[in-house]
1. If we keep just the residues of the range 136-185 that are of a type in the set (D, E, K, R) and farther than 19 Å from LYS304 by Cα, which is surrounded by the most Cβ atoms within 10 Å (Cβ to Cβ)?
2. What pairs come up if the first residue lies in the range 80-99 and is in the same structural domain as TYR14 (by TED's automatic domain parsing) and within 19 Å of ARG209 (Cβ to Cβ), the second is part of a strand (DSSP E or B) and among the acidic types (Asp, Glu), and their beta carbons are under 6 Å apart, counting only those six or more places apart or on different chains?
3. Are there any pairs with C-beta distances below 8 angstrom linking a residue in the range 114-128 that is of a type in the set (D, E, K, R) to a residue that is modelled with pLDDT of 95 or more and surrounded by fewer than 18 Cβ atoms within 10 Å (Cβ to Cβ), with the two at least 6 apart or on different chains, and if so which?
4. Name the single residue that is nearest to CYS146 (Cα to Cα) among those in the range 273-292 being in contact (Cβ under 8 Å) with a residue 40 or more places away in the chain and either touching a Ser or Thr at 6+ places or on another chain (Cβ under 7 Å) or assigned to a helix (DSSP H, G or I) (or both).
5. Just need a number here: residues in the range 237-272 that are under 21 Å from the mean Cα position of the chain (by Cα) and either touching a residue at least 24 places away in the same chain (Cβ under 8 Å) or within 23 Å of ASP175 (Cα to Cα) (or both).
6. Can you confirm whether LEU76 is buried (at least 23 other Cβ atoms within 10 Å of the Cβ) and closer than 21 Å to ASN290 by Cβ?
7. Got a number for residues in the range 60-117 being touching a Leu at 6+ places or on another chain (Cβ under 8 Å) and basic (Lys, Arg)?
8. So which residues in the range 77-119 are of a type in the set (Asp, Glu), in contact with a helix residue (DSSP H, G or I) (Cβ under 6 Å, 6 or more places away or on another chain) and part of a helix (DSSP H, G or I), if there are any at all?
Amino acid sequence: MSKINVLIAGATGYLGIELIKILIKHKKIKIKYLCGYTSIGKNITYFDKSIKYKLPKISKVTKSKINECDIIFCALPNGEAQLISNKLNKDNILIDLSGDFRLNSSKEYFKWYKQKHKSVHNIKNSVYLLPELSKLKLSNYQIISCPGCYPTSILLPLVPLIKNKLIKTNNIIIDSKSGYSGAGRGVHKKFKDKNLYESLSAYGISLHRHNPEILQVLNKYSNKKIRFNFSPHLTPMFRGILSTIYIDLNKNINQNRVINVLRRYYKGKTFIKVANKDTLLSTNEVIGTNKCIISVCKSKYKDKIILLSVIDNLIKGGSGQAVQNMNLRLGFKEREGIQ
C-alpha cells in the first residue's frame, strides 16, 4: 500500500514540531511538505535539533501543494485554516488544530475570535472531534476540527457525568493551569510583562475563547442549562495542563458511583485512565504522551466532589489527538504512530 502524503502548515510552531515527531514514526504516512510563512527555506532542524529524519525545507502553502497531498494538518493561527479550506479539492482532508471550525456558528466565531469567518460554507463540512466522545460516521466530513487543549482536559471528565445525570449543571467551577507553550511561540511577546519562568498568572477570566467550545459540547449532553466558570492560568513550566473541577452531586450520588461511571464509559479507550479514588495527579505523569488521566477526589462536603484531569497540552491537547483523529478518519488503528 502506498503511503499517505501529508502537508503540515505551521510546521515550525510548538504543535507543528510535535506533529512532525509523531508522523515520522507513522508507518502509513509520508511528510511531503512542511509549510509556513516566516521561515521559508529553513530546515526544521533550525527549530528542533532532535529531529534527525530527512525532511523537506520549509516552503509556502500553495493550492498546488495542497492538491498533491491527501491530508493537510493546519497548526497556523486562527483564520488561516479557513483560507486553506477554500483551496481544498474533493479528495483532500483538512485536520485543523486551530479554533477555526470548533464552533457551529459563524456569529459565535466572530463574537469570540473578533474576526469574520472566511469559509462559512465549509462549517457544514466539518466535524468537531474529541475522539473518545464521538460516534459519528467520519467519512461524511472533509474537515476535522481538533478540540482545544483546555477543553480536552475539561470535557473528558465532565461529559460522562453530565450524560449520566450524576451532577448538577448550574454551578460547575473549572480551574485550569497550563504550561506556557499553550500560548505558542509568541508567548514571550504576548506576556512580555510577566516573568513566565518564576510566576503564576491568571488570564482570560470569563473571556477565554474556549468558553463557547466547552459550552457547545456540554449542551449536547444535557437537557438542563449549563452554567460554569472557567479560569485559566499560565504556570512556570513549558508543557502540561492540570484542570481542577469542582462539582455538586445529584441526590444519592457518591464518589464511588462517579468513578464507576467514568470507568465504564472509557472502558477500552486506549488513552484514558481513571485513577484510584483520591489520587493526587501531576502533569509529570502524562508529559510526552497522548494520555488523559482523571482522578475523582472527595470534598469535605458529602454532596460535592473534585475532579482532577491531566494532559500534555501539545500532544493529547494538540498534535497527538490530531493524529488520533486522522487515524480514525482513515480507518487506521487509533494509536498508529502515537507512542
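The values are calculated or read from the model by the stated rules, or taken from the named source; none is laboratory data. Because the structure is predicted, anything quoted here is derived from the model rather than measured. Neighbour counts run over all protein chains shown; Cβ positions are idealised from the backbone, glycine included.
1. LYS177
2. ALA81/ASP96
3. Correct list of pairs: LYS116/SER106; LYS116/PHE110; LYS118/GLY79; LYS118/LEU83; LYS118/ASN86.
4. Here the residue is CYS292.
5. 16
6. no
7. Within the range 60-117, residues that are touching a Leu at 6+ places or on another chain (Cβ under 8 Å) and basic (Lys, Arg) number 1.
8. GLU108
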